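Heads up: the structure comes next, in structure tokens.
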Amino acid sequence: MGIGVDIIRGQAIQTIGDAGHLERLNIMTDSRKAAADSLFVPLVGENFNGHHYLKQAIEHGAEAAIWMEREPLPDKIPDGFPVFFVRDTLAALQNMAKSYLNQVHPKIIAVTGSNGKTTTKDMIYSILSQSYRTFKTQGNLNNHIGVPLTILSMPENTDVLVLEMGMNHFGELTYLSQMARPDLAIITNIGESHIEYLGSREGIAKAKLEIVNGLKKRGTLIIDGDEPLLDNIQTNVFQIVRCGFGDQNNWRITDVDESVTGSRFTLNKQTESFHVPVLGRHNVKNAVLSFAAARILGVAIEKIRYGLEHLSLTKLRFEKVKGLNGSVLINDCYNASPSSMRASLETLKTLPGFEQRVAVLGDMYELGRNEEALHKSVAEIVKAPLTHLVTIGDKGAWIAKGLQEIGGDETLEVHVYPTKAAAQPYLESLLNDKTVMLFKASRLLALEELSGKLRAKESTNQ
Ligand SMILES: CC(=O)N[C@H]1[C@@H](OP(=O)(O)OP(=O)(O)OC[C@H]2O[C@@H](n3ccc(=O)[nH]c3=O)[C@H](O)[C@@H]2O)O[C@H](CO)[C@@H](O)[C@@H]1O[C@H](C)C(=O)N[C@@H](C)C(=O)N[C@H](CCC(=O)N[C@@H](CCC[C@@H](N)C(=O)O)C(=O)O)C(=O)O
Ligand SMILES: Nc1ncnc2c1ncn2[C@@H]1O[C@H](COP(=O)(O)OP(=O)(O)OP(=O)(O)O)[C@@H](O)[C@H]1O
Ligand SMILES: C[C@@H](N)C(=O)N[C@H](C)C(=O)O
């Protein structure tokens, strides 16, 4: 059995790191997903109570389970199946992660920000994994459950752990930062994501700055140096490194050149340039944040250049796919906020070699009481060389309404649809070898399901 953890009742979880050697735990939190030789950690969520699925967990590979004392054990669990009782299974998961972290003791880079966390995490990993045994957050597992799961998935010989930290309420990043105790902390940008719960961009900046609350002494905070809300950080315990386009930055981006292969840029007007195979000035900034972190860890320039050039990005982040009739589809639809939607639209405008540039924009969530105005604000940049605006959903329709109110670009074709299915026939009619089509909306819309119906068919004659 791969469980190297002798978990005993309640408070023992807090001391488990002292109790002996921890092996890397294979954790199952979802009985629906097979996980061989795992420890089942049933969590109580919004829709289900994991404690109701022990039988299925065992069928799917659980070799032991931790169990909330107040939850009744089901009948007929296999004789000798280990069950360890704790007061709270989520707290137990988090404490096991802290104990394991103290045992492995990697360098820790924490990445937060309204947008670009996953992209920057992937960039840092691509650079550092050439020189260090590096482990990173898988996908977007970045909250109070995802971060402990990431830590417990880390190999025991990890040198550097790159942790994505998400939040949508005050206090959450303090918790995650104090759990992980990062050596480097990165704030990619201050947008409007989750502004519904944080009240304002000032509130978002305040919440993001909580990431320093667990930063190790003599640690370093690396930030978007162009963001005024991050200008007046008072500290005498950690270093601050600024990255961006303005003269005030320690790493100042110069000479950005975008092409079909991606983005090339220089720093501080040096002659040597870097290339990253993704488009968008925002992604150049993500690359420079990653550069800054790598330099602090002593990575040679040549390895940074190679790592950026050979980036493998998590899906649905400005992901180009072949569309019907020789068209190009861009799935930038893992999530959306006005700042990320604007960033994507500006990039869509710059893609060379297309005659039809179609923006398919959908609902954005968690924008609070100003959600209509925030959707309408996107309309300001919906203009040529964009040729078509297609909105999906009731909130997405506000973008079209905003365009109408500002007396938008007459040459633009605008269509408003309530659903993905309703939009599909029209979108399909636009696809040819001179068309590029961007899909962007919040996660709940899952626009990749729509673009998936417009993808070029795989050739059968292999
Ligand atoms: C708790 C959990 O992991 N839930 C996942 C589950 O959701 P579902 O609704 O199906 O189940 P419940 O949560 O109600 O069930 C409780 C548990 O029971 C398990 N279970 C259920 C049924 C069954 O038959 N057997 C079972 O064992 C179940 O697995 C639960 O453990 O499934 C969904 C689909 O796979 C998951 O999406 C859901 O995961 C939730 C959302 C989660 O928080 N997962 C984390 C591991 C995570 O990191 N997810 C990230 C997204 C995180 C995120 O949104 N970050 C925001 C910032 C927000 C921070 C914080 N305030 C917050 O609210 O998260 C950001 O901007 O980045 C990801 O998945 O990408
Ligand atoms: N620095 C940035 N500034 C503005 N927008 C950005 C930036 N980086 C990425 N984006 C946009 O945000 C989208 C999401 O990127 P990514 O997944 O890396 O962000 P994230 O912060 O991990 O998102 P989440 O909050 O869901 O974890 C991208 O597809 C792009 O449109
Ligand atoms: C899914 C979560 N990580 C997120 O990004 N939510 C916002 C609201 C979105 O989906 O745009």
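For region 191-211, indicate whether the set of residues that are within 18 Å of residue 124 (Cβ to Cβ) and in a helix (DSSP H, G or I) is non-empty.
yes
Which members of region 65-94 meet the condition of being more than 17 Å from residue 149 (Cβ to Cβ) and either in contact with a strand residue (DSSP E or B) (Cβ under 9 Å, 6 or more places away or on another chain) or open to solvent by less than 40 Å² (accessible area, probe 1.4 Å) (or both)?
67, 68, 69, 71, 73, 77, 81, 82, 83, 84, 85, 87
Checking the structure you have, find out if any residue of region 181-202 is modelled with pLDDT of 95 or more, crowded, with 22+ Cβ neighbours inside 10 Å and among the basic types (Lys, Arg).
no
In region 153-190, what count of residues is obtained for those that are assigned to a helix (DSSP H, G or I) and away from ligand 3 (no atom under 16 Å from the Cβ)?
Looking only at that region, the number is 7.
From the set of residues in region 310-324 that are open to solvent by 70 Å² or more (accessible area, probe 1.4 Å) and at pLDDT 95 or above, which is nearest to residue 336 (Cα to Cα)?
322
Could you check residue 115 against (1) within 13 Å of the chain's Cα centre (by Cα); (2) more than 13 Å from ligand 2 (Cβ to nearest atom) and say which number it fails?
Failed condition: (2).
Quick one: count up the residues across region 122-152 that are open to solvent by less than 40 Å² (accessible area, probe 1.4 Å) and away from ligand 3 (no atom under 16 Å from the Cβ).
11
Every residue, every condition in (1) under 21 Å from the mean Cα position of the chain (by Cα); (2) buried (at least 16 other Cβ atoms within 10 Å of the Cβ), yes or no:
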site	(1), (2)
163	yes, yes
170	yes, no
178	yes, no
208	yes, yes
212	yes, yes
227	yes, yes
234	no, no
247	no, no
254	no, no
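Evaluate the following for residue 102: is it in contact with a Gly (Cβ under 7 Å, 6 or more places away or on another chain), within 9 Å of ligand 2 (Cβ to nearest atom) and more than 16 Å from residue 297 (Cα to Cα)?
Judged against the criteria, residue 102 is not a match.
Residues 376, 401, 434: which one is crowded, with 19+ Cβ neighbours inside 10 Å, more than 24 Å from the chain's Cα centre (by Cα) and of a type in the set (D, E, K, R)?
376
Condition test on residue 346, is it buried (at least 17 other Cβ atoms within 10 Å of the Cβ), under 25 Å from the mean Cα position of the chain (by Cα) and touching a residue at least 40 places away in the same chain (Cβ under 8 Å)?
Judged against the criteria, residue 346 is not a match.
Which ones in region 404-462 are without any contact (Cβ under 8 Å) to a residue 40 or more places away in the chain, on the phi > 0 side of the Ramachandran plot and within 16 Å of ligand 3 (Cβ to nearest atom)?
Scanning region 404-462 gives no hits.
The values are calculated or read from the model by the stated rules, or taken from the named source; none is laboratory data. The shown structure was predicted, so the numbers you read here are calculated from the model rather than taken from an experiment. Note that each Cβ is placed from the backbone with ideal geometry, even for glycine, and that neighbours are counted across all protein chains shown. Side chains included, ligands, DNA and RNA excluded: accessible areas come from the protein's heavy atoms. Shrake-Rupley method; radii C 1.70, N 1.55, O 1.52, S 1.80 Å.
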